[in-house]
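The structure under discussion appears below in the form of structure tokens.
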Amino acid sequence: PMWNRLEEFKDGVRDVWWTSNGMAVDLVVVYAGIRPGELITGQKPKAGTKLGVFKEDMQPEEIVDLYDQLISTWGNAFHRGKLAPASFLGGDGFRFEFTFVRKDDEVSLQGVGYGAVRNGKLYMITFHAPRLHYFPTLLPRVEALVQSARLAGASIAMAMSPKSAGFISSAMAL
């Protein structure tokens, strides 16, 4: 299956959403060029919810804590797994693993995220899907996408060719 960009989320926000089987099944989110003092998402938080903002000197653990806050705002039970240095956007970055149980339907989801701070801005790609089938099935495609990602101005460009694990055959700036 190909990835579909969720157009209704692209205008006026920094995070771009992609799905292969539908938003409730799998989701890749690209967060590009988050400046110090900004939320990691362009989506408005739930009323009464306070989210932390990105700071240029944050360590990977603190950035993952911001992502935890974001996922938890919808009442999901977030659990961070392994966090380690990793290559991302052609340089040093970090990779983190996580799980959460979606509050709305009690589905257990597994995920992975990559992040890096470049020129004082945060860039991150996250992926999550149901733990039992979709996550292990789609993970190799997502990993190939992440490894192809490069900075293109303030955006992230990803090579989506058939040779990179079945993605659409074009380069796309997000």
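The values are calculated or read from the model by the stated rules, or taken from the named source; none is laboratory data. The structure displayed is predicted, hence computed values, not measured ones. Virtual Cβ from ideal backbone geometry, glycine too; neighbours counted across all protein chains shown. Heads up: the accessible areas ignore ligands, DNA and RNA and are worked out on the full protein's heavy atoms, side chains in. Shrake-Rupley method; radii C 1.70, N 1.55, O 1.52, S 1.80 Å.
Report the local net charge at residue 98: Lys and Arg +1, Asp and Glu -1, summed over other residues whose C-beta lies under 13 Å from its C-beta.
Numbers: positive: 80, 82, 95, 102, 131; negative: 61, 65, 68, 97.
Summing Lys and Arg as +1 and Asp and Glu as -1 gives +1.
I need the fraction of alpha carbon pairs in the stretch 90-157 separated by more than 17 Å, rounded to a whole percent. Don't jump to the answer; show the numbers that get you there.
Working: 1068 of 2278 pairs.
Of the Cα pairs, 47 percent sit more than 17 Å apart.
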Gain upon complete extension [residue 104, residue 133; 0.36 nm per residue less C-alpha separation]: 8.5 nm
If you stretched the chain out fully between residue 119 and residue 87, how much longer would it get, using 0.36 nm times the residue separation minus the C-alpha to C-alpha distance? 9.9 nm
So what does residue 35 come to for accessible area, using a 1.4 Å probe and Å² rounded to 10? 100 Å²
